[in-house]
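First comes the structure, then the notes that go with it.
Bear in mind these aren't lab numbers, they're just calculated from the coordinates by the rules spelled out. Fair warning: this is a prediction, and the values are worked out from it, not measured in the lab.
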Amino acid sequence: MGIVKFSTGLVAFKPQGTNQTPQQIGLASDVSVDFSQEKVLVYGQKKVAIDSFDGKLEIKGSLKMAAWGAQTFAALVGGATTSTGSKVGIMDEQFTIPTTPYQVTVANGATFYEDLGVLNVTSGLAMVVVASAPTTGQYSYSAAGVYTFAAADAAAVVRISYSYTAAAVGKTTTYTNALMGQSTQYILSCFNTYGTKRYGYRFPAVVFDKFSPGMKVGAVGDASLSFQAIEDATTGKPFDIYEMD
């Protein structure tokens, strides 16, 4: 399984079946599970119920992560595919616009992917992109990461933001809109230790229904993943809970 340590414990999940590729969710910082048992009350002539019956048992939980991977999204929706390679964003790469031909090439121009804007530090203004022949306050760029500026902006300091392709490292998860259908089910196991006690639970069939891949200053990310437990078709069990002194 893909194992993630949080505090003194771990969280792991994998697709159902044999020889499944491990799924790692990131640095888990918090795990919570709610068991909600519906109680159906029976009333007679008096104000207070005289009996009760158990109705639906709903099991929901969430995982909070200090970091997340793009492949986590594939666990949420069917039809998402994960491949090797990624896009990397570069923020505020700084240049001084030279004289003719008034061009600069970004550091990762060989694998340039997308322009993300230019700030003219000298004037304090964001510059405007044009297809070609830029005038004052404008710029154009090529697929090779070559940025061209106006002659009137020569000697100005600019900061260029862009992204480039890292073909051999990282992961990219791609989703193509798909038809609605049966959810992919996963096995989820959680364990933790408090003093001399050891706790754990295992859900043989969960579906992930919400993934919030946030970003946060001072951390790689601030994400959460929510799940619902259902009955495992093979064993008929929705969960096991473990406790050891």
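Kirkwood's formula applied to the C-alpha pairs of region 43-106 gives a hydrodynamic radius of 19.8 angstrom.
For the chain, the relative contact order works out to 22 percent when only alpha carbon pairs closer than 8 Å and six or more residues apart are counted. Could you work out which residue, out of Phe53, Phe203, Phe211, moves most in a Gaussian network model of the chain, that is, has the largest mean-square fluctuation with Cα springs under 10 Å? Result: Phe53 has the largest fluctuation of those listed. Summarising the amide proton neighbourhood of Leu188: residues at separation of 5 or more, or on other chains, whose placed amide H is nearer than 5 Å comprise Phe203, Ala205, Val206. Under a Gaussian network description of the chain, with springs only between Cα atoms under 10 Å, the residue in Ile230, Ile187, Ile90 that fluctuates furthest is Ile90. Summarising the strand pairing of region 85-169, around 90 percent of its internal DSSP beta bridges are antiparallel. The structure-derived value of Kirkwood radius over Cα pairs in Å appears in the list (i) 22.4; (ii) 26.0; (iii) 17.7 under the label (i). For region 85-169, the calculated P(r), taken from all Cα-Cα distances in 5 Å bins from zero up to the bin holding the longest distance, is 3, 16, 28, 25, 15, 7, 4, 2, 0 percent. Counting only lysines at least 8 places from Lys14 when in the same chain, those with an alpha carbon closer than 16 Å to its own are Lys5.
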